[in-house]
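The values are calculated or read from the model by the stated rules, or taken from the named source; none is laboratory data. The structure presented is a predicted model; accordingly, all values stated were derived computationally and were not measured. Here the Cβ is made from the backbone with ideal geometry for all residues, glycine too, and neighbour counts use every protein chain on show. Ligands, DNA and RNA are stripped out before the accessible areas are found, and what is left, the full protein with its side chains, is counted by its heavy atoms. Shrake-Rupley method; radii C 1.70, N 1.55, O 1.52, S 1.80 Å.
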Amino acid sequence: MDHGSGGPRADRPEGCESREPRTEARGRQVEPAALAEIRALLGGRPRRRDLLIEHLHLIQDAWHGLSARHLAALAKEMRLPLALVWEVASFYAHFDLVPDGAPMPPPVTVRVCDSVGCAMQGAEALHAELDGTLGAGVRVVKAPCMGRCDHGPVVEVGHNHIGDANAALVRSAVERCQLQPVIPPHLDFADYNAAGGYSLLRDCLAGRRSPEQVMNAMSESGLRGLGGAGFPVGQKWRLLSAKSAPRMLAVNGDEGEPGTFKDRSYIESDPHRIIEGILIAAWAVEIETIVIYVRDEYPAAREILSRAIATVSASGLAHGRDIQLRRGAGAYICGEESAMLESIEGKRGLPRHKPPYPSEVGLFGRPTLIHNIETLHWVRDILERGPGWFSSQGRNGRRGLRSYSVSGRVRNPGVKLAPAGITVRELIDEFCGGMAPGHSFRAYLPGGASGGILPARLDNLPLDFGTLEAYGSFIGSAAVVVLSDQDDVRVIARNLMRFFADESCGQCSPCRVGTQKAVELMERPVWDEVLLTQLSEAMRDASICGLGQAATNPLLSVLKYFPEGVK
């Protein structure tokens with residue numbers, strides 16, 4: 001018998017007949033039309049692995065979702081395994097994966113914030129009023145904090161945000177196709193220069209200041225990292241400058257903590273002050289590559305920064321340094337520094353095990369200096385006015401200034417520039433015009449969703465690093481949410497735990513399972529205090545990162561300070 005016919009060979013045991021030759025390749029095949037569409041969309045952009053999330057955004061923006069055919073084409077074009085592309089695309093909330101045969105999402109997505117600040121202002125009722133009433137080409141979904149807590153409830157129509165929203169405003173935006181961000185007034189390059197901007201950077205580049213002088217000023221000022229960790233800035237710069245080159249600078253603009261919006265406010269009003277601080281830090285530490293990571297919920301801020309970076313680079317003030325702007329994709333966990341680095345590298349935002357720390361092995365394996373937006377905002381003021389000016393600010397024995405994001409039941413919420421160490425009572429009375437009419441002060445969150453809930457009787461504690469930990473709380477990014485006698489602390493704590501359950505990256509079981517279990521237990525009419533306490537201890541001790549470690553702080557605060565609220 002002809003061996004090519006597929007029949008049994010004389011030298012092959014009976015029952016081991018050869019298979020028919022394969023006529024198709026394994027796995028999903030790439031459609032030529034889809035590949036042509038992806039190539040046209042990417043144009044001349046690099047196909048590097050670290051740009052995977054940027055390219056996924058391009059597809060999502062163009063077709064309102066990520067179809068299987070386009071993901072297969074993207075994987076081929078970028079020379080990446082299709083499984084890797086799928087796992088990254090499925091990790092981030094703002095990417096909509098569309099299976100074969102399923103319809104693409106409608107052209108317009110309306111997101112209604114349901115985090116604590118907006119929930120207090122009626123977001124649940126607004127969502128119910130909007131859901132299913134805006135037409136076939138619109139979907140309405142709930143979404144986590146959008147960084148506009150002082151104007152809740154907040155709704156995002158496409159990429160345009162509506163503060164103090166109601167159904168009429170949302171319908172009007174949908175009907176007018178107002179889907180792009182409104183760019184707020186801000187200090188542009190010319191006006192910033194006219195006001196003395198970039199003079200310090202020019203002095204540094206010209207040798208009129210030395211890195212040692214600049215780092216000494218940072219140390220003497222007492223400035224600490226204002227993203228939550230509070231590590232001394234001058235010390236961090238010295239540590240990084242001693243590491244082997246090349247070094248990297250990663251700027252954390254992923255401000256996702258419910259109640260926090262100070263960084264967005266600074267980007268949208270004075271972007272060049274931040275960029276000057278970035279470039280001075282890069283110069284002092286001898287860093288050539290800078291990556292600024294901004295959350296997807298801040299489209300106006302990203303556009304403002306994009307324009308500002310282009311202008312500064314064209315002016316020569318970047319001095320050959322490569323400044324890149326990266327876009328998040330809806331993942332609170334990427335505010336954790338190592339998860340942010342993973343996302344910048346085009347991966348899922350999973351926190352890294354430490355050690356090694358980012359200062360040793362950071363972005364692309366290089367020693368990396370990481371700062372948040374507000375920290376870098378202060379560099380110019382400290383160098384212009386002197387470190388003594390900054391360190392002389394403060395109350396109750398604390399040093400410096402802080403930008404407090406204040407929301408909730410106050411008359412005038414917003415970003416409040418106040419002395420570090422101010423008490424919540426002073427903050428409310430002196431900077432917020434007192435409590436909102438008809439509300440009496442009952443409790444407050446001093447550090448956003450993960451900072452715990454303190455009773456009004458503890459209104460005399462300095463709001464700064466190291467002063468709240470003894471009370472089961474911390475200052476974090478200084479997101480102060482004020483609660484009144486009309487707020488149920490049990491409902492507030494449950495809202496926060498749902499947020500953490502939704503935002504857990506799933507990498508470690510203490511956080512992944514623990515937050516879900518905590519939500520179930522907190523939804524019961526009577527809370528099991530013993531079980532909830534044991535669960536909290538397990539999550540705190542065994543979770544990989546701060547999300548799981550701090551997620552139960554609000555819950556434990558209710559058990560400790562509001563026992564009447566758990567029965």
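Annotations for the structure displayed:
- For the chain, the longest principal axis of the Cα atoms and the long axis of helix 299-315 meet at an angle of about 90 degrees.
- Computed over segment 167-249, the percent of Cα pairs more than 18 Å apart is 69.
- Looking at the chain, the accessible area is 41 square angstrom per residue; that uses a 1.4 Å probe and ignores ligands, DNA and RNA.
- Solvent-free Debye scattering, log10 I(q)/I(0), computed from the Cα coordinates of the chain at q = 0.10 Å⁻¹: -0.87
- Sequence of 156, 77, 469 when ordered by accessible area, the most exposed leading, probe 1.4 angstrom: 469, 77, 156
- Volume in Å³ per residue [convex hull over Cα atoms, computed for segment 435-553]: 113 Å³
- Around the Cα centre of segment 277-342, unit charges on the Cβ atoms of Lys, Arg, Asp and Glu (plus for the first two, minus for the last two) sum to a dipole of about 280 debye.
- Ratio of Rg to Rh over segment 66-175 (Cα coordinates, Kirkwood Rh, two decimals): 1.07
- Percent of beta bridges antiparallel (DSSP, the chain, rounded to nearest 5): 40 percent
- Residues 348, 409, 28, sorted by accessible area with the largest first, give 28, 348, 409 [1.4 Å probe; ligands and nucleic acids excluded].
- The heavy atoms of residue 266 offer some 30 square angstrom of accessible surface to a 1.4 angstrom probe.
- Angle between the chain longest axis and helix 82-91 axis [Cα atoms, degrees, rounded to 10]: 30 degrees
- A simple spin-label model places pseudo-atoms 7 Å from Cα toward Cβ; at residue 429 and residue 306 they are separated by 4.7 nm.
- Crossing angle, helix 529-542 versus the chain [Cα axis fit, 0-90 degrees, rounded to tens]: 70 degrees
- Taking all pairs of distinct alpha-carbon atoms in segment 376-515, Kirkwood radius in angstrom: 16.2 Å
- Taking all protein chains together, 391, 557 sort by accessible area into 391, 557, largest first [probe 1.4 Å].
- Segment 525-566 - Rg over Rh from alpha carbon coordinates, Kirkwood radius: 1.00
- Carbon and sulfur %, accessible surface of segment 191-299 computed with the full protein complex present, 1.4 Å: 48 percent
- For segment 172-233 and segment 363-392, distance of Cα centres in Å: 9 Å
- Stretchable slack from residue 188 to residue 242, in nm (0.36 nm times residue separation minus alpha-carbon distance): 15.9 nm
- Under the criterion of Cα pairs below 8 Å and six or more residues apart, the relative contact order for the chain equals 12 percent.
- Across segment 128-145, rounded Karplus estimates of 3J(HN,Hα) from the backbone phi angles (6.51 cos²θ - 1.76 cosθ + 1.60, θ = phi - 60°) give 4, 5, 8, 4, x, 10, 9, x, 5, x, 9, 10, 10, 10, 7, 9, x, 3 Hz, Gly and Pro being marked x.
- Split the accessible area of segment 54-158 by element, probe 1.4 Å, and carbon with sulfur accounts for 55%.
- q = 0.13, 0.22, 0.28 Å⁻¹, segment 207-270: log10 I(q)/I(0) [Debye, one scatterer per Cα]: -0.50, -1.08, -1.18
- Residue 180-residue 530 pseudo-label distance in nm [points 7 Å out on the Cα-to-Cβ vector]: 6.2 nm
- Charge dipole of segment 499-565 (Cα centre as origin; +1 on each Lys and Arg Cβ, -1 on each Asp and Glu Cβ, all else neutral): 120 debye, rounded to the nearest 20.
- Set of aspartates and glutamates near residue 142 by C-alpha distance (under 13 Å), chain-local residues within fewer than 8 positions excluded: 114, 124, 129, 131, 156, 502
- Amide H contacts under 5 Å for residue 369, placed H, 5+ residues apart: 248, 249, 250
- Taking the C-alpha atoms of segment 102-144, convex hull volume expressed per residue in Å³: 68 Å³
- Multiplying the residue separation of residue 512 and residue 206 by 0.36 nm and subtracting their alpha-carbon distance yields 105.0 nm.
- Sequence ranges 363-373, 299-309, 194-204, ranked by mean other-Cβ count within 10 angstrom, highest first: 363-373, 299-309, 194-204
- A 1.4 Å probe, protein heavy atoms only, puts the accessible area of residue 124 near 120 Å².
- Mean Cβ count within 10 Å, highest first, over the residues of peptides 137-146, 164-173: 137-146, 164-173
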